[in-house]
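Structure first, then comments.
The values are calculated or read from the model by the stated rules, or taken from the named source; none is laboratory data. Since the structure is predicted, the reported quantities are computational estimates derived from the model, not experimental observations. Positions of Cβ are backbone-derived with ideal geometry, glycine not excepted, and every protein chain shown enters the neighbour counts. Protein only, heavy atoms only, side chains kept; ligands, DNA and RNA dropped before computing areas. Shrake-Rupley method; radii C 1.70, N 1.55, O 1.52, S 1.80 Å.
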Amino acid sequence: MDTADLRNHIDCSQGRAFLDGEECLDAVSFSIVFSPVTSSTKTLGHTGEDTRWKGHTIKVTLSEYRSTDWIKQAIKNYLENKVTPNFTFQGICTDEQSDYYKDYGGQAVTVTGCVPTGDITVLSHDVNSDFVQDSITFNCKDIKFS
C-alpha cells in the first residue's frame, strides 16, 4: 500500500482568523498570499533565463458573514477624517490531527499594514441568497511567521 494514502493532510476548516486582535467568528474563508515580484534577464549564448526576486506583495482575503459594522466604521472614518484604514491580521492553523502539525507544530502568520483594496459592498439584497457575506481583499506591508 502506498504510504501517501495514509497521510493526514491539513484540514482547512481547522483554523482561526483575527482582525486587530479580535477573532473573526463569522469567517467563512481566510487566506494570506505572498507573491514574489521577479525580474528575469537573458544573456547571449544562453537559452535560459536568470530570475531573481526584487520584492513582493502580500494579500489577505477575508470572506465572512456580516455580523458587525467594522468595515462600515473604517469607511466612515476615512470619509470624515481622510485616514486610510490599516489593519493587522493573524491566521492560526489548529489542526492537531494533521501530519504537518505533528511534524512542525502549529502555524501562526501575522500580517500588518493591511489596507482594503478593490470594491467593498456597503449594502446588498439578493432574493437568491440566504445571508449577507462579504469578501474583502487587503494589500499588506509586512509578514511575520511564528
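Any idea how many residues of segment 45-64 are charged (D, E, K, R) and either within 19 Å of the chain's Cα centre (by Cα) or crowded, with 16+ Cβ neighbours inside 10 Å (or both)?
Result for segment 45-64: 2.
Taking the conditions exactly as written (farther than 18 Å from ARG16 by Cβ and open to solvent by less than 30 Å² (accessible area, probe 1.4 Å)), does ALA74 satisfy them or not?
Criteria met by ALA74.
Identify the single condition in (1) modelled with pLDDT under 95; (2) among the hydroxyl-bearing types (Ser, Thr, Tyr); (3) buried (at least 16 other Cβ atoms within 10 Å of the Cβ) that SER67 does not satisfy, given that it satisfies every other one.
(3)
List the residue pairs whose Cβ atoms are under 6 Å apart, where the first residue sits in segment 48-68 and is touching a residue at least 24 places away in the same chain (Cβ under 8 Å), the second is of a type in the set (A, V, I, L, M) and assigned to a loop (DSSP other than H, G, I, E, B), and the two are 6 or more positions apart or on different chains.
Between residues of segment 48-68 that are touching a residue at least 24 places away in the same chain (Cβ under 8 Å) and residues that are of a type in the set (A, V, I, L, M) and assigned to a loop (DSSP other than H, G, I, E, B), the close pairs are ARG66/VAL132.
Select from segment 98-117 the residues that are β-branched (Val, Ile, Thr) and open to solvent by less than 30 Å² (accessible area, probe 1.4 Å) and write down the one among them that is farthest from PRO85 (Cα to Cα).
VAL109
Under the condition of being farther than 11 Å from ILE71 by Cβ and touching a residue at least 24 places away in the same chain (Cβ under 8 Å), which residue from segment 118-134 is least open to solvent (accessible area, probe 1.4 Å)?
VAL132
Grab the strands (runs of 3 or more DSSP E) fully contained in segment 104-146, keeping just those with 2 or more residues being of a type in the set (S, T, N, Q).
Where strands (runs of 3 or more DSSP E) fall fully within segment 104-146 and carry at least 2 residues being of a type in the set (S, T, N, Q), they are 107-117, 133-140.
Just checking, does segment 108-115 include any residue being under 14 Å from LEU19 (Cα atoms), of a type in the set (A, V, I, L, M, F, W, C) and without any contact (Cβ under 8 Å) to a residue 40 or more places away in the chain?
yes
Yes or no: ASN86 closer than 17 Å to LEU19 by Cα and either at pLDDT below 95 or open to solvent by 60 Å² or more (accessible area, probe 1.4 Å) (or both)?
Values: closer than 17 Å to LEU19 by Cα: yes; either at pLDDT below 95 or open to solvent by 60 Å² or more (accessible area, probe 1.4 Å) (or both): yes.
Taking the combined requirement at face value, the residue satisfies it.
When the residues of segment 32-44 are narrowed to those that are of a type in the set (A, V, I, L, M, F, W, C) and touching a strand residue (DSSP E or B) at 6+ places or on another chain (Cβ under 8 Å), which ends up surrounded by the fewest Cβ atoms within 10 Å (Cβ to Cβ)?
Start the filter on segment 32-44 by keeping residues that are of a type in the set (A, V, I, L, M, F, W, C), which leaves 32-34, 37, 44.
After this cut, where a residue has to be touching a strand residue (DSSP E or B) at 6+ places or on another chain (Cβ under 8 Å) as well, the list is 32-34, 37.
On the way: ILE32: 20, VAL33: 11, PHE34: 12, VAL37: 9.
Among those that are of a type in the set (A, V, I, L, M, F, W, C) and touching a strand residue (DSSP E or B) at 6+ places or on another chain (Cβ under 8 Å), it is VAL37.
Collect the residues in segment 10-20 that are open to solvent by 50 Å² or more (accessible area, probe 1.4 Å) and farther than 20 Å from ASP95 by Cβ, keeping them in residue-number order. Break it down into steps so the answer makes sense when it comes.
Quick first cut of segment 10-20, residues open to solvent by 50 Å² or more (accessible area, probe 1.4 Å) only: 10-14, 16, 20.
Residue satisfying the conditions is ASP20 alone.
Given the criteria modelled with pLDDT of 95 or more and under 19 Å from SER29 (Cα atoms), does GLN73 qualify? Write out each step before concluding.
Details: modelled with pLDDT of 95 or more: yes; under 19 Å from SER29 (Cα atoms): no.
No, not satisfied.
I'd like the residue in segment 21-31 that is touching a residue at least 40 places away in the same chain (Cβ under 8 Å) and more than 14 Å from the chain's Cα centre (by Cα) and, out of all such residues, is surrounded by the most Cβ atoms within 10 Å (Cβ to Cβ).
Per the stated criteria, the residue is ASP26.
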